[in-house]
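K.L.:
Below is a structure I'd like to ask you about.
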Amino acid sequence: MHTSFPSPRLICCAPKPRTPTLTRGGVRRRASPPAAAMPPPLQAQRLLLSHRRLPSPHRRRFTAVSSLPSAPAKTVAAAAAHAPSSILSIRESLLSGERTAAEITAEYLSRLRRTEPSVRSFIHVADAAAEREAEELDRRIATEGLDAVGPLAGVLVGVKDNLCTANMPSTGGSRILDGYQPAYDATAVRRLREAGAIVVGKTNLDEFGMGSTTEGSGFQVTTNPWDDSRVPGGSSGGSASAVSARQCVVSLGSDTGGSVRQPASFCGVVGLKPTYGRVSRFGLMAYASSLDVVGCFGSSVVDTATILSVIAGHDKMDSTSSSHDVSDYKSELVPLDLLESKPLNGMRIGIIQETLGEGVETGVISSIKDAASHLEQLGSVVEEVSLPSFSLGLPAYYILASSEASSNLSRYDGIRYGRQVSGDDLNELYGGSRANGLGHEVKMRILMGTYALSAGYYDAYYKRAQQVRTLVKKSFKEALERYDILVSPAAPSAAYKIGEKINDPLAMYAGDTMTVNVNLAGLPALVVPCGFVEGGSAGLPVGLQMIGSPFSEGNLLRIGHIFEQTLQNYSFVPPLLAES
């Protein structure tokens, strides 16, 4: 099978070069050093964030394009009201005795039962187990006090179904693993349980994480809480929609090429993809091992930071996990009433030029420029930066990910793992089990990966894709030496209609152009809701992607928290909740 990828120009069209000008809502264009030629196909409580004081030429500053006011020293408390910390609220309720864990669990389960018929976020709901765990938690608090339980006591968590859980099915969204129940918890899940979290169920996903809409699930199609005729994104669409619909407090996902960040943007929640190695992959069903990362979703930056502090850290069961120190990320976040008038003073932020060109919806570009204006009003210096290798990342990503998948998924053969279909000989058993158990998209990617790795084509595809990966890493490294963070949209559009792109895989793949480069470089990225575009009954959310240097999650979370608290006149609560 020979699979042709469109040229990078067709996949991610950068704006045509032009003389730097200052336009309304524009930024000064500044190019990175050109990439090497490649053959064609492929402080204190009052926060002043640390920054690099680098010599720079005369810059043209950002001009606000919206009515966003400059952030005062004391911004109205209502500005942060849309993103309170659910985890802190639950902790305070348990501490004061105002509510019990059983009551909190009952509230979320009631909402889940009301909304699940239309949203379909979960493949498996462990409601009875959640109620038992909540009652046991109340007994422990009554006898030993709240100090005897972990920081996530009473917090309901949804877990993407490609993460192993010992007491519930783990299918990876594939019929070939229907009914499979592991004997152990994934490390991230185990750490959540040890911190007192209650796992409420397993969330839906594109089969084995291969997809961008959650339409590729072997079980059901999840819908977007903002408009049930639209996709929630993917592959972690179930985890994002569950948090957006407040069916659970937080959730776990995985991110191989944007599978946490794009659904976070589509569903109007916070999504974090950590640095590669920051969170153990033990117990995560492998798709592309050099790209896979366990990430998390929350309705606020504080909740996301709290979850990361729990799940991050070295794990002897994963040789790729890092021993880099884990911070208490939540404690580093400064509340609104303690912020300086210019809390991002001196911060240097680069907007990736290639993410604001052709193929990106006008409404998305407008929302990102509004967000950039807001960041500048908070004191930062915002400039446009070009990453010349950015458009090369998408075809390289799909070659590398498919190649690794063709190897990783060979274990699902009906003998080692997976439902078995009987046959007259071994080849027939293998073929029948995989043909019946695996979906179309998974089979296509296995074939693409096998072809790319085959004799005579390895150098033309896999080796060249690895060379492009090196260029992408170098390009990000050089840009992040000059800027504290880089920003871009998390997706070129808001959520689109269910079925709109299911028969056009290349168009669906092109939707990953904003995110795959971050995985190729192994960098952390945070998505926070920043605005809306027209669509649905209440508009459709748009997410701002913030990209940092390796292991700079704390810095991303601090900036994201400041942005979230000071962003006024927006409420990222879907109409589904008001209707229910």
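All of the numbers you see were taken from the coordinates with simple rules; none came from a lab. This one's a predicted model, so the numbers in the text were calculated from it and none came from an experiment. All Cβ positions, even for glycine, are placed from backbone atoms using ideal geometry, and neighbour counts span all protein chains on display.
K.L.:
Relative to the compact-globule scaling 2.2 N^0.38 Å, provide the ratio for the alpha-carbon radius of gyration of the chain. Numbers along the way, then the final one.
P.N.:
Working: Rg = 22.9 Å, N = 580, 2.2 N^0.38 = 24.7 Å.
Its radius of gyration relative to the 2.2 N^0.38 Å reference: 0.93.
K.L.:
Moving to a separate point now. Quick one, can you get me the convex hull of the C-alpha atoms of the stretch 178-282 expressed as volume per residue in Å³? Don't skip to the answer; put the middle values down first.
P.N.:
On the way: hull volume 11.0 nm³, N = 105.
Measuring per residue, one finds 105 Å³ for the Cα hull of the stretch 178-282.
K.L.:
What net charge do the residues around H324 carry, taking every other residue with its C-beta under 12 Å from that of H324, with Lys and Arg at +1 and Asp and Glu at -1? Kindly include the intermediate steps, with their values, before the conclusion.
P.N.:
Working: positive: R278; negative: D325, E553.
With Lys, Arg at +1 and Asp, Glu at -1, the neighbours total -1.
K.L.:
For the stretch 212-349, what is the per residue volume of the convex hull drawn over the alpha-carbon atoms, in cubic angstrom? Before the final figure, lay out each step's value.
P.N.:
Numbers: hull volume 19.8 nm³, N = 138.
Dividing the Cα hull volume of the stretch 212-349 by its residues yields 143 Å³.
K.L.:
What ranking, highest mean first, results for peptides 464-470, 169-175 when packing means the other Cβ atoms within 10 Å averaged over each residue? Provide the component values of the computation, followed by the final result.
P.N.:
Working: 464-470: 20.3, 169-175: 25.0.
Descending packing order for the listed peptides: 169-175, 464-470.
K.L.:
Still on this structure, please answer the following. Using helices alone, I'd like the mean residue ellipticity at 222 nm for the chain: each DSSP H run of four-plus residues gives -39500 (n - 2.57), total over residue count, nearest 500.
P.N.:
Numbers: 17 runs with 194 residues, N = 580.
Rounded to the nearest 500, it is -10000 deg cm²/dmol.
K.L.:
If the chain between A142 and E358 were fully stretched, how many nm would it gain, using 0.36 nm times the residue separation less the Cα-Cα distance?
P.N.:
Values: separation 216, 0.36 × 216 = 77.76 nm, distance 5.96 nm.
So the extension gain works out to 71.8 nm.
K.L.:
Can you tell me the order of 499-505, 101-107, 390-396, 155-161 when each peptide is scored by its average per-residue count of other Cβ atoms within 10 angstrom, highest first?
P.N.:
On the way: 499-505: 14.1, 101-107: 19.7, 390-396: 27.0, 155-161: 30.0.
Order by mean packing, descending: 155-161, 390-396, 101-107, 499-505.
K.L.:
Net charge around A372, counting only other residues with Cβ within less than 10 Å of its Cβ (Lys, Arg = +1; Asp, Glu = -1)? If you can, show how the numbers build up before the last one.
P.N.:
Working: positive: K369; negative: D370, E376, E383, E384.
Local charge sum for A372: -3.
K.L.:
Now for a separate question. Give, rounded to the nearest 20 debye, the magnitude of the charge dipole that the stretch 151-194 has about its Cα centre when Lys and Arg contribute +1 at Cβ and Asp and Glu contribute -1 at Cβ.
P.N.:
Numbers: 5 positive and 4 negative charges, 17 e Å.
With Lys and Arg at +1 and Asp and Glu at -1, about 80 debye.
K.L.:
Stretched out fully, how many nm does the piece from E481 to K497 gain, at 0.36 nm a residue minus the Cα gap? List each step's numbers first, then the result.
P.N.:
Details: separation 16, 0.36 × 16 = 5.76 nm, distance 3.96 nm.
1.8 nm is the gain from fully extending E481 to K497.
K.L.:
Here's something else I'd like to know. Return the sequence-ordered ³J(HN,Hα) values of the stretch 175-183 in whole Hz as given by the Karplus equation 6.51 cos²θ - 1.76 cosθ + 1.60 applied to θ = phi - 60°, using x for Gly and Pro.
P.N.:
Along the stretch 175-183, the couplings run 5, 5, 10, 4, x, 6, 10, x, 8 Hz.
K.L.:
Remind me, what semi-axes does the stretch 295-442 give for its equivalent ellipsoid, largest first in whole Å, using sqrt of 5 times each Cα gyration tensor eigenvalue? Don't jump to the answer; show the numbers that get you there.
P.N.:
Working: eigenvalues 397, 119, 42 Å².
So the three semi-axes of the stretch 295-442 are 45, 24, 15 Å.
K.L.:
Quickly rank 559-571, 180-192 as a protection proxy: mean count of other C-beta atoms within 10 Å, highest first. Let's see the in-between values first.
P.N.:
On the way: 559-571: 21.7, 180-192: 19.8.
With the highest mean Cβ count within 10 Å placed first, the list reads 559-571, 180-192.
K.L.:
With charges only on Cβ, +1 for K and R and -1 for D and E, what is the dipole size of the chain about its Cα centre, in debye, rounded to 20?
P.N.:
Dipole magnitude for the chain comes out near 2000 debye.
K.L.:
In nm, give the distance between the simple-model label positions of Y184 and M444, each being 7 Å from the Cα along the Cα-to-Cβ direction.
P.N.:
It is 3.5 nm.
K.L.:
Tally Lys and Arg at +1 and Asp and Glu at -1 over the other residues with C-beta under 13 Å from the C-beta of L471: what net charge comes out?
P.N.:
On the way: positive: R464, R469, K473, K474, K477; negative: E478.
Combined, the nearby Lys, Arg, Asp and Glu give +4.
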